Amino acid sequence: MPLFGTHVSVAGGLCNAFGEFREVGGQAFQIFTKNQRRWESAPLSGEEAENFRALWAENGRPPIASHGSYLLNLASGDPEISEKTVKNLVDELKRVEMLHIPYIVLHPGSHGGDGMEVGIARIAENIAIAFEEAQSERATVLLETTSGAGNSVGGQFSHLRDILAASKIPERLGICLDTCHIFAAGYDLRGLENYQRVMEELEAAVGLEKVKFFHLNDSQGALGSKKDRHEHIGEGELGLSGFENLVRDPRFAQSPMIIETLPGEMNRHDKENLAKLRSLAAK
């Protein structure tokens, strides 16, 4: 069975993530290591990083991903945005190095009308620059699939393939598959035949071994709508049938799969969503 979990709050300090992780009964989790809506953040102290690593060990060393800032745009042609993005990513790489977090999930970005090929080249180059400046030795950057709206990169598996091909450090890159995003981009996960077709296309584009993390979100938008609107499991257009084949796929039996919808009072929604997923996986 996959390692199910949620995006947990770090309000009051990074180490508080483990309390919510235990509260919801997670086996993996995702966090923000800093304010996701600001370019600059206070530095991470060595003491906080040490405490975080100790709690990680005490809680069984679950898989963890840090989600990068929403401000980042690796595909931007604006020199100022590009510089700020790389600087922010360098800081994130240093943080996860200190915390021993293995993954950083990033939205690839928007090419701003300059063309997909140009945007893809910028993404590959900016990630390589950030790794070099951070002197990172631990983390893997996971490029998140997107809904394909506007000029965004990542709405097609071929975009991710081309980023990996253009990268100087493809061994440091992987994929985070978001069910809501790929459904909104036109990949139908409902029903066994559709699911198998999507997985065959993903395998051909990047290889399933590159998929290191999953975001399990239902979709408020219809198939191919390009709308990035998450919904609770089974309550959107994907429905339970959009998850049953994925969570039962033996190839992903040990993969971390994270819910990103609002947790609700006392984490009620998170617990309900996890229970639905585990019930589907156990059938």
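The values are calculated or read from the model by the stated rules, or taken from the named source; none is laboratory data. From a predicted model like this one, the values you see are computed outputs, not experimental measurements. Cβ atoms come from the backbone with ideal geometry, glycine included; neighbour counts cover every protein chain shown.
Descriptive notes on the structure:
- Selection count, segment 177-198, where residues are over 28 Å from Asp270 (Cβ atoms), among the basic types (Lys, Arg) and part of a loop (DSSP other than H, G, I, E, B): 0
- Counted residues, segment 148-194 - those being under 13 Å from Asp228 (Cβ atoms) and either among the aliphatic types (A, V, I, L, M) or buried (at least 21 other Cβ atoms within 10 Å of the Cβ) (or both): 13
- Of note, Arg95 does not satisfy the criterion of being at pLDDT below 95 and on the phi < 0 side of the Ramachandran plot.
- Qualifying residue in segment 261-278 (condition: free of Cβ contacts under 8 Å to residues at least 24 places away in the same chain and of a type in the set (Gly, Ala, Ser)): yes
- Qualifying residue in segment 47-60 (condition: among the basic types (Lys, Arg), surrounded by fewer than 19 Cβ atoms within 10 Å (Cβ to Cβ) and in contact with an Asp or Glu (Cβ under 9 Å, 6 or more places away or on another chain)): no
- The condition of being in contact with a Leu (Cβ under 7 Å, 6 or more places away or on another chain) and free of Cβ contacts under 8 Å to residues at least 40 places away in the same chain holds for only one of Glu209, Glu200, Glu244, that being Glu244.
Condition check ((1) within 20 Å of the chain's Cα centre (by Cα); (2) at pLDDT 95 or above; (3) under 19 Å from Pro170 (Cα atoms)) across all residues:
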{"site": "Leu189", "(1), (2), (3)": "yes, yes, no"}
{"site": "Ala204", "(1), (2), (3)": "no, yes, yes"}
{"site": "Gly207", "(1), (2), (3)": "yes, yes, yes"}
{"site": "Lys210", "(1), (2), (3)": "yes, yes, yes"}
{"site": "Lys226", "(1), (2), (3)": "yes, yes, no"}
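- Filtered residues of segment 236-283 (kept if among the polar types (S, T, N, Q) and either crowded, with 16+ Cβ neighbours inside 10 Å or at positive phi (or both)): Asn245, Ser255, Thr261, Asn267, Asn273
- Selection from segment 199-229 of residues that are buried (at least 19 other Cβ atoms within 10 Å of the Cβ), part of a helix (DSSP H, G or I) and touching a Phe, Trp or Tyr at 6+ places or on another chain (Cβ under 6 Å): Leu202
- Residue check, Leu262 within 17 Å of the chain's Cα centre (by Cα), part of a helix (DSSP H, G or I) and of a type in the set (A, V, I, L, M): no
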